[in-house]
Amino acid sequence: MSIFKKLKEKITPPKANISISLKKQVFTPGDNVEGIVYIESQEEFDSNEIRCEFECLESIRRIKRFYNEALKREEEREVWETTKLFSIKPQLSGPIHIYEGFKGNFPFKIQTPVGLPPTYKSMDRKVSWLLKGVIAVDGRPDATSKTIELQFSQAPLAHVAQAPKMIPCEYCGTLFPENETKCPNCGAFRKV
């Protein structure tokens, strides 16, 4: 093997097509994200693992003050600060020898936490749920799929308590809930 080929392998990921197929397209926090990572290789190599990388990121735009050495004064600049709200890297396969022409399907199921915000984009705030497939390789960059952004919607309310029916008091006419036994205004007991 030539020195140039060895050097090229150190800086390039393995030649493999990685794609992700999902069972559904829209999720709510607390749902399972299920799908399959498809791999098709055009090169022979050894992999440490095949995994998914799934994370929820929140970015907020802020105005920060920085000292400008050239102008000898402070300036305000717009910056985006990003926080990782959730991150998981489930392993789909352990060490595996991948040969040229290899085709494989690796199913996954990831439980998402309840209580995290849905996908959101505004002028000064973003919440993104990102997923990608990875073939980890020693001694060279990992082969990865395109990062896809999942859509998470607001979790539906479990059940909304229905307001009780209101009835008038027979004596003073004040409306009060049907499940009450006496009028809150005059104190008269409700006739059944």
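The values are calculated or read from the model by the stated rules, or taken from the named source; none is laboratory data. If you're wondering where the values come from, they're calculated on a predicted model, not measured in any experiment. Positions of Cβ are generated from backbone atoms using ideal geometry, with glycine treated the same way; all protein chains shown enter the neighbour counts.
For the reader, a short list of remarks on this structure follows.
- Considering the stretch 16-36, and only residues there that are part of a loop (DSSP other than H, G, I, E, B) and polar (S, T, N, Q), the residue that is surrounded by the most Cβ atoms within 10 Å (Cβ to Cβ) turns out to be T28.
- Residue in the stretch 107-118 that is small (G, A, S), closer than 28 Å to N17 by Cβ, in the same structural domain as I36 (by TED's automatic domain parsing) and not in a strand (DSSP E or B) present: no
- The listed residues are S41, S47, S21, and the only one of them that is in the same structural domain as R140 (by TED's automatic domain parsing), within 25 Å of the chain's Cα centre (by Cα), modelled with pLDDT of 90 or more and under 16 Å from S145 (Cβ atoms) turns out to be S21.
- On the stretch given as the stretch 123-153, residues that are within 17 Å of the chain's Cα centre (by Cα) and either closer than 20 Å to T83 by Cα or of a type in the set (F, W, Y) (or both) total 15.
- Residue match in the stretch 58-75 (condition: among the acidic types (D, E), within 16 Å of D142 (Cα to Cα) and surrounded by 13 or more Cβ atoms within 10 Å (Cβ to Cβ)): no
- Qualifying positions in the stretch 97-132 - within 19 Å of I36 (Cα to Cα) and touching a Cys at 6+ places or on another chain (Cβ under 6 Å): F108, W129
- Tallying residues that are surrounded by 15 or more Cβ atoms within 10 Å (Cβ to Cβ) and either farther than 25 Å from I63 by Cα or not aliphatic (A, V, I, L, M) (or both) within the stretch 118-147 yields 16.
- Residues in the stretch 104-117 that are of a type outside the set (A, V, I, L, M) and surrounded by 13 or more Cβ atoms within 10 Å (Cβ to Cβ) were compared, and the one that is nearest to E78 (Cα to Cα) is P117.
- Restricting attention to the stretch 91-103, the residues that are more than 13 Å from A136 (Cβ to Cβ) and surrounded by fewer than 15 Cβ atoms within 10 Å (Cβ to Cβ) add up to 5.
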